[in-house]
Amino acid sequence: MIDLQNVGKIYHANGKKVAALDDLSLRIEKGEFVVIRGPSGSGKTTLLLTIGAMLKPDSGEVAVAGENIYSLKGGERAKFRAANIGFVFQMFHLLPYLTVWENIMVPALENQKSEAHEILEDLGLAERAHHKPFALSAGERQRTAVARALINHPKVILADEPTGNLDPENASDVIEHLAGFHAQGGTVVVVTHSEQADVYATRIIRMRKGKINV
Amino acid sequence: MVLLVIKEILHRKINFLLGVLAIIMAVALFIAFFTSSEASKRETIRLTRDMGFNLRIIPKSTDMNDFWVTGFSKTTMPEKYVLRFKKFKNFSYAHLTATLHKQVTWRDKKIILTGISPEIEPSGKKKSPMIFSIQPGTVYLGYEVAKASHLKKGDVIDLFGKKLSVAKTLSENGSDDDIRVFAPLAEVQDILHEKGRINEIKALECLCLMNGQNDPLKIVRQQLTQVLPEAKVILNQTIAVARERQRKMFENYFALLLPFVVLVCAAWVGTLAMMNVRERKQEIGILRALGYSAGKITVLFLSKALLIGILGAVLGFIIGTALSLKFGPEVFKVTAKLIKPNYGLLIWSLIAAPLFTALASFIPAMIAVSTDPALTLRED
């Protein structure tokens, strides 16, 4: 499902080179629920964005769903991302001027109104459909982000600290929704410090200095 | 896509309104100036026409001392000379009329007998006649002539053996026209035994030269040399010329001001677009994560710029027209009724303003799409 071969990514900061990914190889099978842990600056988010076709590595190859994603042109990669990958971020990243409903429909590839209604019902957001993000609680915002990630029936959901800004109850709620997607055959990769996701994890990966600690 | 553009505009109203304001200012200034200037030009043309001919083409050998003392040339030239103007295009001469003038004594008074031919126009020009057309067998009497002889319309006079009917008595003009008897050219040539001869071609400088030349006389003389080297031309310096020069002066000021305004507005719109990009950096990252291509994001930014341009063009046209109606008469010394909305300018504004805003927003839009979305999202 996800195959990284000798992937390297170097950032330049204050004249110094920092290897965010250091010759990293990783294979994640379809239907896995992978939790990635590691200290700050260990390369977790870089790894997630690299898998998500958002950050081209300096070296190595990345294949998702059998597609060498960085050999695709910009427009094709964007289409691939929309069809195959769902993102959930710590800061929710909802568009502030759109309602819950509109935020969910932003990435929709087709007319998916009935599915959007179902997802809203499942995530307990039906009542909040016409509210803007500022009027929502943190938990509702993150559930909106999860709904947005689910709208195109992606093959993979990539979640970067999805519970980082939530209280334990809401955090648990969001993890359960990700687990629900996993239970239906989806692949989940979560970067998190929290141990709530461990219950559902098929694998826990620890990172340090751009490498996977075995 | 449309929803995203509209909602973002409503969310960041100030940014949008400031952009529209910049375009309104630029378009309104242009429309106000252009509309008033056109009205001023129309008024100058009308005024020039009302004042009569301002070009006098006379035989080259005319003694100018005699000419200015008597008011006409004592030398004659062939009437057919006037026909030469017909074949010339893009000429600055208009309303050409062959005339024959001579001082005569009639009913114990010195008068000027003037023969007038129908007007002709150089090739490509179609204008309504500027002077009266005198029917054969009739005359028009100047004010003093009619008054001194107690003549009125319908009377029949004997003009050196020719019986002619008074078709009109002219009102007081305050010039030597008051002591003239106007008759068809052929009749006057017959009376003065000057068959086929004239001593002056009257014409109107069509203001084509005044639009772009500092010395119209030099140009009309050059043009005359091409057509009629046997003649010379005199240009009456009129109030209309002074008005036209004043209009030119405003045009020159405007020509200096316009690039400055355009540059300021471009910088203004560009800066606002750049601020918008900075503010939306994270949003761009999100949209990229959600599968929006660089092209789609460029369209989002350029759509907003186009909307600013379209709205600015429409409002700028309305405000500019209103400003020209309000202040144009004072600045350009024209009557308010001459200032009319020029809807052709609205179409031009609707093309130019969105193009301008799109160009001014192009660099910020390019920065928006080239911003590494991962970098923005990773910073969180």
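A few points about this structure:
- Test: residue in region A:15-29 that is closer than 21 Å to A:Gly180 by Cβ and more than 10 Å from chain B (Cβ to nearest Cβ): yes
- The set of residues in region A:45-68 that are open to solvent by 20 Å² or more (accessible area, probe 1.4 Å) and in contact (Cβ under 8 Å) with a residue 12 or more places away in the chain comprises A:Thr45, A:Lys56, A:Asp58, A:Ser59, A:Gly60, A:Glu61, A:Ala63, A:Ala65, A:Glu67.
- Selection of region A:92-114 for residues being at pLDDT below 85 and of a type outside the set (S, T, N, Q) yields A:Ala108, A:Leu109, A:Glu110, A:Lys113.
A quick yes/no check of all residues on (1) part of a helix (DSSP H, G or I); (2) at positive phi; (3) open to solvent by less than 20 Å² (accessible area, probe 1.4 Å):
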residue: B:Ile157; (1), (2), (3): no, no, yes
residue: B:Lys163; (1), (2), (3): no, no, no
residue: B:Asp177; (1), (2), (3): yes, no, no
residue: B:His193; (1), (2), (3): no, yes, no
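- Sole exception among (1) open to solvent by less than 40 Å² (accessible area, probe 1.4 Å); (2) over 20 Å from B:Val5 (Cβ atoms) for A:Ser71, by number: (1)
- Tally, over region A:77-99, of residues that are farther than 25 Å from A:Val190 by Cα and open to solvent by 20 Å² or more (accessible area, probe 1.4 Å): 0
- For the residues B:Ala289, B:Ala267, B:Ala313, the requirement of being in contact with a strand residue (DSSP E or B) (Cβ under 6 Å, 6 or more places away or on another chain) and assigned by TED's automatic domain parsing to the domain that holds B:Phe34 singles out B:Ala289.
- Consider region A:153-181 and keep the residues that are among the polar types (S, T, N, Q) and assigned to a loop (DSSP other than H, G, I, E, B). The one that is nearest to A:Ile36 (Cα to Cα) is A:Thr163.
- Residues in region B:72-88 that are among the basic types (Lys, Arg) and either out of contact with any helix residue (DSSP H, G or I) (no Cβ under 8 Å at 6 or more places or on another chain) or open to solvent by less than 30 Å² (accessible area, probe 1.4 Å) (or both) were compared, and the one that is nearest to B:Ile179 (Cα to Cα) is B:Lys80.
- Summed over region B:35-71, the residues that are buried (at least 19 other Cβ atoms within 10 Å of the Cβ), modelled with pLDDT under 80 and of a type outside the set (Asp, Glu) give a count of 9.
- Taken over region A:192-207, residues that are under 14 Å from A:Ile2 (Cβ atoms) and either open to solvent by less than 20 Å² (accessible area, probe 1.4 Å) or of a type in the set (Lys, Arg) (or both) amount to 2.
- Within the option set A:Glu61, A:Glu110, being away from chain B (no Cβ under 14 Å) and either in a loop (DSSP other than H, G, I, E, B) or not hydroxyl-bearing (Ser, Thr, Tyr) (or both) holds for one residue only, A:Glu61.
- The set of residues from region A:77-107 being within 7 Å of chain B (Cβ to nearest Cβ) and among the small types (Gly, Ala, Ser) comprises A:Ala78, A:Ala82.
- Note on region B:290-316: among residues that are farther than 15 Å from B:Ala368 by Cβ and touching a residue at least 60 places away in the same chain (Cβ under 8 Å), the one that is surrounded by the most Cβ atoms within 10 Å (Cβ to Cβ) is B:Ile308.
- A:Gly41 part of a loop (DSSP other than H, G, I, E, B) and either in contact with a His (Cβ under 9 Å, 6 or more places away or on another chain) or modelled with pLDDT of 95 or more (or both): no
- Hits in region A:115-152 (condition: of a type in the set (A, V, I, L, M), in contact (Cβ under 8 Å) with a residue 24 or more places away in the chain, in a helix (DSSP H, G or I) and surrounded by fewer than 19 Cβ atoms within 10 Å (Cβ to Cβ)): A:Ala138
- Residue count for region A:1-38 satisfying the condition of being β-branched (Val, Ile, Thr), at pLDDT 90 or above and open to solvent by 10 Å² or more (accessible area, probe 1.4 Å): 1.
The values are calculated or read from the model by the stated rules, or taken from the named source; none is laboratory data. No experiment lies behind these values; they were computed from the predicted model shown. Note that we place each Cβ from the backbone using ideal geometry, even for glycine, and neighbour counts take in every protein chain shown. Just the protein is used for accessible areas: all its heavy atoms, side chains included, with ligands, DNA and RNA removed. Shrake-Rupley method; radii C 1.70, N 1.55, O 1.52, S 1.80 Å.
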